[in-house]
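Values in this text are rule-based calculations from the coordinates and carry no lab data. Worth saying up front: this structure is predicted, and the values here are computed from it rather than measured. FYI the Cβ positions are ideal-geometry reconstructions off the backbone, even for glycines, and counts take in every protein chain you see.
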Amino acid sequence: MDLGLLGPVFCVVWAVMWLVDRYRSRLPLRVRVWLGDIDLEDPRTEDAVKLAYIEGEITLDELERRLSVIVDPRAEQLQRSVEAVSGVGPKTAWSLAEAFADEDELRAASREELERVPNVGEERARAIRERL
């Protein structure tokens, strides 16, 4: 490689890196995933839900439903309350927040209704009912 080109190449690389860093939040979702900005392991993030819609994994109705759960403060409170129960992690709490509107509805649910929620078996349903 010609060392005379090293300076201009360095400047171009630096400029691209600066632009990406400065405008990172405006980059397309797929680019932000590639850069590692989006945690796709957590389905509760707004970006993960939007990306699932863009890639055709969920419908528009499902996108709207999931986004409403993400931004609803009652759902967030329900998730925090349920995550305090032993054996209930973020995915189960998310499933419960999708299934029930608020803590009152969750408290009123029977064990059978709780068991119909994904990731909730007999043990977890009993623990949730005892804790709440």
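Where does helix 90-99 land angle-wise versus the long Cα axis of the chain, in degrees 0 to 90, nearest 10?
On a 0 to 90 degree scale, this one is about 60.
Just 28, 118, 73 to compare: in a GNM of the chain, with alpha carbon springs under 10 Å, which one fluctuates most?
Of 28, 118, 73, the most mobile in the Gaussian network model is 28.
Using +1 at the Cβ of each Lys and Arg and -1 at the Cβ of each Asp and Glu in the chain, identify which of 4, 16, 86 lies farthest towards the dipole's positive end.
4
Quick one: helix 122-131 against the long Cα principal axis of the chain, what's the angle to the nearest 10°, folded into 0 to 90?
The angle comes out near 80 degrees.
Sequence gap at least 6, Cα distance under 8 Å: using those rules, report the relative contact order of the chain to the nearest whole percent.
Averaging sequence separation for qualifying contacts and normalising by length gives 14 percent for the chain.
Say a paramagnetic label sat at a point 7 Å from the Cα of residue 76, along Cα to Cβ; which residues of region 111-132 have their backbone N under 19 Å from it?
none
First measure r as the distance between the Cβ atoms of residue 113 and residue 52, then evaluate 1/(1 + (r/R0)^6) with R0 = 25 Å and state the FRET efficiency to the nearest 0.05.
0.40
Going by alpha carbons, how many degrees (0 to 90, nearest 10) lie between the helix axis of 60-71 and the longest principal axis of the chain?
80
Which entry is the computed Rg and Dmax of the Cα atoms in Å for this structure: [x] 14.0, 40; [y] 15.6, 48; [z] 21.6, 75?
[z]
Under the rule of -39500 (n - 2.57) per DSSP H run of 4 or more residues, summed and divided by the residues of the chain, what mean residue ellipticity at 222 nm is obtained, to the nearest 500 deg cm²/dmol?
Counting only the DSSP helices, I get -19000 deg cm²/dmol.
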